[in-house]
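Working notes, beginning with the structure itself.
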């Protein structure tokens, strides 16, 4: 009798098969949508964007399905899965939890978010299924189910609105007006404004690039590939094979590709190489520095944006311990310029001032330029003395934009750099390199006689990616960047205005011997009209 009473109570309280299926479908749909969103930015590299995006979504959904089925199988084997929720519902819940953790949340918070979202979707799906079942319901139960549906819709809608918003500015630290001090204005022209030279441009490359026409038949100058194998050791297996398939070359044939902005004139002009950092390798990062290259060319510099996208991340995984390779490849580009400067008939014959060279790097590229400056003075590769270096270029200055530091350590020691001028820029709202890594190299840089100096510039409202027009404001990658407060950032053009002024002034001082611009780095108040009002 007692057992029968408990059985009746259980049947009255527990949802039936239709509701359980509805709850499972609710969580399953949520997991599928979340996986599809991840797939939009997966970029598997199967072709143009209109094919690449659907392929990424399909690949992400397939991975999520395999992940969920794997969890179901594991729990089935352990006989731990409760019958109440059903196999697919529980598998989808596991996918939600793993995707939440994979979005960058701490494991504990990721589990909580996944469980919370799964509970909401299960209640929403189960309630809809029960209301649509056609089975008569008591008024109280119907109202409860309707309330659960409304609550679930509101929670989902609120989550979409919150994630889709850019954040707010109410928590920004307001700039304090400095005490009025008479500071002599900069006696030179705004370094962020274009100079007198007409700007020309071209690209150079391997001539056989599968993904980049401008480096294939569109390249004005053809270059030989180089063997980067010593600098990417430990990277092997199917992940590397997929990368090789995408690019059409392996580590033994890394191309030397670049896009050049140069002044229309006889020269010789100082040479400036600019290199990007890590990003999705199918979203080409080298195109994102035209704002800087065009300015520098107009002011009498040859500016080159170096293509190192084949070092970057991919859906199958990124390379590890490759930053020394990024720096080494810059020096191999300088070898090209030395040869071109000596070759009659080349468009750059006797137009390059090889006594005045600067390197600019962003993110991992910011560490790479320091590595290149160090390798430039060494006869052999520190990690393998059978690999010769001995470049000996006249690198006068190095600029690092939001750099990392210490991803490569020669002999497990910080990279030693000396005998160059150094400028480092760091944003206070950097969602990628969130600490001032570049200050480490600033502190250990040894200045030598010859007019070298070093400067560090911290911009409170700058982020990581807006110095590159391709990267934008999504510092944490998508969809994780939905969690960033992007409303607090400087406008992209204002952030690049800061970059134009600082970098141009630094290069004018170090490569054009316009020493008056050094005052800008001693006191930014000497040029208030040149800079954004709220850094």
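The values are calculated or read from the model by the stated rules, or taken from the named source; none is laboratory data. Given the structure is predicted, the values throughout are model-derived calculations rather than measurements. In this analysis, Cβ positions are derived from the backbone assuming ideal geometry, glycine residues included, and neighbour counts consider all displayed protein chains.
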Would you check if residue 236 is modelled with pLDDT under 95, more than 24 Å from residue 432 (Cβ to Cβ), surrounded by fewer than 21 Cβ atoms within 10 Å (Cβ to Cβ) and out of contact with any strand residue (DSSP E or B) (no Cβ under 7 Å at 6 or more places or on another chain)?
yes
Looking at the structure I just gave you, is residue 34 modelled with pLDDT of 70 or more, crowded, with 19+ Cβ neighbours inside 10 Å, outside the structural domain of residue 309 (by TED's automatic domain parsing) and within 30 Å of residue 309 (Cα to Cα)?
yes
When you scan segment 351-367, do you find a residue that is surrounded by fewer than 24 Cβ atoms within 10 Å (Cβ to Cβ), at negative phi and assigned to a loop (DSSP other than H, G, I, E, B), even just one?
yes
Those residues that are surrounded by 24 or more Cβ atoms within 10 Å (Cβ to Cβ), assigned to a loop (DSSP other than H, G, I, E, B) and within 14 Å of the chain's Cα centre (by Cα), I need them from segment 295-328; list them, please.
308
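Being modelled with pLDDT under 75, under 34 Å from the mean Cα position of the chain (by Cα) and either outside any helix (DSSP H, G or I) or not assigned by TED's automatic domain parsing to the domain that holds residue 244 (or both) is the requirement here; does residue 42 meet it?
Values: modelled with pLDDT under 75: yes; under 34 Å from the mean Cα position of the chain (by Cα): yes; either outside any helix (DSSP H, G or I) or not assigned by TED's automatic domain parsing to the domain that holds residue 244 (or both): yes.
Spelling it out, residue 42 is indeed modelled with pLDDT under 75, under 34 Å from the mean Cα position of the chain (by Cα) and either outside any helix (DSSP H, G or I) or not assigned by TED's automatic domain parsing to the domain that holds residue 244 (or both).
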Any residue that is within 30 Å of residue 335 (Cα to Cα), touching a residue at least 24 places away in the same chain (Cβ under 8 Å) and in a loop (DSSP other than H, G, I, E, B) - is there at least one of those in segment 170-189?
no
Just need a number here: residues in segment 372-415 that are in a loop (DSSP other than H, G, I, E, B), in contact with a helix residue (DSSP H, G or I) (Cβ under 8 Å, 6 or more places away or on another chain) and on the phi < 0 side of the Ramachandran plot.
13
Mind checking which residues of segment 205-221 are without any contact (Cβ under 8 Å) to a residue 40 or more places away in the chain and over 15 Å from residue 254 (Cβ atoms)?
213, 216, 217, 218, 219
Restricting attention to segment 428-456, which residues are modelled with pLDDT of 95 or more and assigned to a strand (DSSP E or B)?
454, 455, 456
Looking at 399, 387, which is the one that is surrounded by 22 or more Cβ atoms within 10 Å (Cβ to Cβ), touching a residue at least 60 places away in the same chain (Cβ under 8 Å) and under 19 Å from residue 331 (Cα atoms)?
399
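Which residues, counting only those in segment 475-491, are touching a residue at least 12 places away in the same chain (Cβ under 8 Å) and either surrounded by fewer than 17 Cβ atoms within 10 Å (Cβ to Cβ) or over 21 Å from residue 174 (Cα atoms) (or both)?
Going through segment 475-491, the residues touching a residue at least 12 places away in the same chain (Cβ under 8 Å) turn out to be 475-490.
Selection gives 475, 476, 477, 478, 479, 480, 481, 482, 483, 485, 487.
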Report whether or not residue 220 is exposed (fewer than 14 other Cβ atoms within 10 Å of the Cβ), in the same structural domain as residue 517 (by TED's automatic domain parsing) and modelled with pLDDT of 95 or more.
yes
